[in-house]
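Written below as structure tokens is the structure these notes are about.
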Amino acid sequence: MSNDGRKVIATNRQGRREFEIFDTIEAGLVLQGSEVKSLRSAKAQIAESYGRIHDGEIWLNSFHISKYEHAGAAFSHDPDRPKKLLLHKKEIRRLQAQIDQKGLTLIALSVYFKQGRAKVELGLARRKNLVDKRRTIAQREAEREAAKAIKHGNR
């Protein structure tokens, strides 16, 4: 558990690598009982998850929550069903405008529990091309070299 009351369940490390994140937003998740139990035991995958706005509501697609092993057949859930996200209408309209105007997409960055409630961190992002990825790697390498030179210079 981190210092702000978050218990992180799953993170999308590939999303941060493949996409340029412009803005992040926290949204609540509408879940069934067996989905919450599976999330509490960290049985979730968000690597390919993305958000879609449909009829003024926002949905999280491709978010896989494994079936809860102790739930009976009647109380089980569909692991890949779209999950509804909880945001204010004003926030949804703002996101829709940015997606339409700038050609951005919504990706899931992490899923966590905050004060007992399931939350997802969404990123307003654009996919990086190969040149951007190379530039990011080169910048990271330059920062490492500079830090190493400073460290060795202080001895």
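Every number here is computed from the coordinates shown, using simple stated rules; none is lab data. Bear in mind that the values here come from a model prediction, so they are computed numbers and not experimental data. Positions of Cβ are backbone-derived with ideal geometry, glycine not excepted, and every protein chain shown enters the neighbour counts.
Filter segment 22-46 down to residues that are exposed (fewer than 15 other Cβ atoms within 10 Å of the Cβ) and among the hydrophobic types (A, V, I, L, M, F, W, C) and give me whichever is farthest from Val120 (Cα to Cα). Here the answer is Phe22. Evaluated against (1) in contact (Cβ under 8 Å) with a residue 24 or more places away in the chain; (2) farther than 25 Å from Gly5 by Cβ, Ile65 falls short on exactly one condition, (2).
Quick one: is Leu95 touching a helix residue (DSSP H, G or I) at 6+ places or on another chain (Cβ under 7 Å) and either within 15 Å of Ile53 (Cβ to Cβ) or not in a strand (DSSP E or B) (or both)?
no
Filtering segment 30-42 to residues that are more than 15 Å from the chain's Cα centre (by Cα) and farther than 17 Å from Leu85 by Cα leaves Ser34, Lys37, Ser38, Arg40, Ser41.
Among the criteria (1) over 16 Å from the mean Cα position of the chain (by Cα); (2) more than 23 Å from Asp4 (Cα to Cα); (3) touching a residue at least 60 places away in the same chain (Cβ under 8 Å), the one His54 does not fulfil is (3).
One residue alone among Ala125, Ala108, Ala118, Ala149 is outside any strand (DSSP E or B), hydrophobic (A, V, I, L, M, F, W, C) and surrounded by 10 or more Cβ atoms within 10 Å (Cβ to Cβ), and that residue is Ala149.
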